[in-house]
Amino acid sequence: MDAPTGRDAATPLILVADDVEANVELLVDQLETLGFRTVVAMNGPAAIAACRDHRPDLVILDVSMPGGDLGVDDRDAGFEVCRRIKRDARTARIPVIFVTALNDTSDRVKAIEAGGDDFLTKPHHRLVLNARVRALLKLKGATDALEESLRRQRELQKVRDDLMKMIVHDLKTPLTSILATLEMMRDGDFGDLSAPQSRALSDAEGKAEDLLALIEDLLEVARIEEQTITLTLEPIAPAALLAEIAYDWSLRFQQEGTTATTECADDAPVFTADKALIKRVLSNLVQNAVTHSAGPVRLALAARADESGILFTVTDDGPGIPEEFQDIIFRKFERVRTPNAPRVRSSGLGLTFCRLAVESHGGRIWVKSADGEGSTFYVQLPREPREPARPPGRTGEFAVPRAADAPPRA
């Protein structure tokens, strides 16, 4: 294996791997005339070592060469070299051009299967070689730039997420103390309060609890995304779950003028899930329907058997969601403004939490809606939780601390 020759380090470096010295000399002369640097390897193991040590921008590889300890016939050594280059994460994006006297279709197929990017038959034309080398180098440059952009984006995302977690954790402790003080004042621990003072404190306490709920959403969304949530499983009767949610929301329904009904089909099965998480999912969907409607809304909660287990639906006659927004509403911090909907404060995390919590059970959630015609949210769950597909590179079990399951404040 020779050291790189010619020009400065900014010039593309090309590895020429061939065991015939005359072929090497010809290719090196052509490439250096075209303005490239070169490095040479005369056998399979040397070619692999040169890729690892020099990280060339492109490899020109003969098929037949001494295989050494590669464990293949010399006639196929080039294919094995290419396979190993493409398997190694450090060299996988290096383009490989096979240049060989072999011209059988089977050899071309083997080159493609080994991961080769191009195939030239000897004797090759210098201008054709130049065109193909430059085309692959241009493609590699674009791929490298994209990979670097994605790497930086991931780093920035991690910094942002870490900063958010630090801020959220730091906010939670003083906010809990504020809530405790407000509750003591409202209960008269510091003296009697007039009716206006009591109402003002109740309002302040409600806003503080809304803020605490937002902090809990941020923490839980982060933990579920990191797949550190442990499901506390128990059997759940769907009729009882719907009745419990309706009861928790009854006062709010009365204040908002909401008409709510529940319906549980006879075939709706008892299923196993984390009750607190699923209850929060359905409660979030109820809250969306109530708070995003300009006036009183009619709401229907239902459950029935589904081929995958059980299907819950939450239907309202509110302003609806335009079709183009029906996917993005489940993304973090995404909010949709429509002419028919009131302006409400929203973190954009409620539906993200719903999606992640449902997917942690191996289920799925989606919406059917039309602008101005109401919405139906569907929550499909298996009878027994199935571990969802893990994103690439993520490991670990599911674990999440749970906030108290209090009914919504009036």
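Only the coordinates and a few stated rules stand behind these numbers; no lab work does. Treat the numbers as computed from the prediction; the structure is a model and nothing was measured. Every residue, glycine among them, receives a Cβ derived from its backbone with ideal geometry; neighbour counts consider all protein chains shown.
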_Test of understanding: extend the Cα→C-beta vector of residue 305 to 7 Å, then name every residue of region 264-287 with backbone N under 17 Å from that spot._
264-272
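Assign one of three labels to region 252-296, namely rounded, prolate or oblate, based on the Cα gyration tensor with a ≥ b ≥ c the square roots of its eigenvalues; rounded applies when a/c is under 1.5, prolate when it is not and a/b is larger than b/c, and oblate otherwise. Each step should come with its number before you reach the end.
On the way: a/c = 3.25, a/b = 1.73, b/c = 1.88.
Oblate.
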*Rank-order 239-251, 367-379 by packing density, defined as the average count of other C-beta atoms within 10 Å over each peptide's residues, highest first.*
367-379, 239-251
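Where does each of 294-306, 172-184, 35-47 land if you order them by average Cβ count within 10 Å, highest first? Can you show the working numbers first?
Values: 294-306: 17.7, 172-184: 13.2, 35-47: 21.9.
Ranked from most to least packed, the peptides come out as 35-47, 294-306, 172-184.
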*Using a cut-off of under 20 Å, list every residue of region 18-35 whose amide N is near the label point 7 Å from the Cα of residue 101 along the Cα-to-beta-carbon line.*
18-30
*Using DSSP, restrict attention to beta bridges with both residues in region 233-382 and report what percent are antiparallel, rounded to the nearest 5.*
80
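Based on the Cβ-Cβ distance of residue 148 and residue 183, what FRET efficiency does E = 1/(1 + (r/R0)^6) give at R0 = 60 Å, to the nearest 0.05?
Numbers: r = 52 Å, r/R0 = 0.87.
Approximately 0.70, to the nearest 0.05.
Computed FRET efficiency, Cβ-Cβ of residue 192 and residue 317, R0 56 Å: what is it to the nearest 0.05?
Numbers: r = 45 Å, r/R0 = 0.80.
The calculated FRET efficiency here is 0.80.
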*Residue-wise, which Karplus ³J(HN,Hα) couplings in Hz belong to region 175-180, taking 6.51 cos²θ - 1.76 cosθ + 1.60, θ = phi - 60°, and x for glycine or proline?*
5, 4, 5, 4, 4, 4
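Find the all-direction average of the projected area of the Cα convex hull for region 13-124, expressing the result in square nanometres with one decimal place.
Numbers: hull surface 24.5 nm².
With the hull built on Cα positions only, its mean projection is 6.1 nm².
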_Mean Cβ neighbour count within 10 Å, used as a protection proxy, ranking 254-265, 78-89 highest first_ = 78-89, 254-265
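So for region 13-124, averaging the separation of alpha carbon pairs under 8 Å that are six or more residues apart and normalising by length, what relative contact order in percent results?
Numbers: 203 pairs, mean separation 25.8, N = 112.
Computed value for region 13-124: 23 percent relative contact order.
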*Modelled label-to-label distance, residue 155 and residue 263, 7 Å Cα→beta-carbon offset: nm?*
5.6
*Simple spin-label model, 7 Å along Cα-to-Cβ: residue 73 to residue 246 in nm?*
7.6
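Viscosity 1.306 mPa s, temperature 10 °C: what is the translational diffusion coefficient of region 233-382 from Stokes-Einstein with a Kirkwood Rh over Cα pairs, rounded to a whole number of µm²/s?
Here the translational diffusion coefficient equals 103 µm²/s.
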